[in-house]
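The values are calculated or read from the model by the stated rules, or taken from the named source; none is laboratory data. Note that the structure is a prediction, hence the values are computed from the model and not measured. As a convention, Cβ positions derive from the backbone with ideal geometry for all residues, glycine included, and neighbour counts pool all protein chains shown. These accessible areas exclude ligands, DNA and RNA; they are computed on the full protein's heavy atoms, side chains included. Shrake-Rupley method; radii C 1.70, N 1.55, O 1.52, S 1.80 Å.
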Amino acid sequence: AAFLSYLSACSTAENRANRLSDEAIHVVSGFLVVGFPHVVDCLWPSNDGVCVEVAGGFYSSLFEQGGRGGRTDRWRRH
């Protein structure tokens, strides 16, 4: 099973429904509900160039460390 989902899009953790402002209903919660124990997301609008840099650094660091327990095959990118 996948262990991590990296959502590289702006506002994936944002909830724009005013009536549900105190609820955690967004794209990220959907990934958590279907079984991803870890989700990396973005709460605010972001710059595409910066997202590419951050994702590159994230994945470089992840794979340099060998992923979770040295098993990089368990990590999935979305």
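Annotations for the structure displayed:
- Listed by first and then second residue, the pairs linking a residue in region 38-61 that is without any contact (Cβ under 8 Å) to a residue 60 or more places away in the chain and farther than 27 Å from residue 1 by Cα to a residue that is among the hydrophobic types (A, V, I, L, M, F, W, C) and open to solvent by less than 40 Å² (accessible area, probe 1.4 Å), with Cβ atoms under 9 Å apart and 6 or more places separating them unless they lie on different chains, are 44/13.
- Once region 2-49 is narrowed to residues that are outside any loop (DSSP other than H, G, I, E, B), surrounded by 10 or more Cβ atoms within 10 Å (Cβ to Cβ) and among the hydrophobic types (A, V, I, L, M, F, W, C), the residue that is modelled with the lowest pLDDT is 20.
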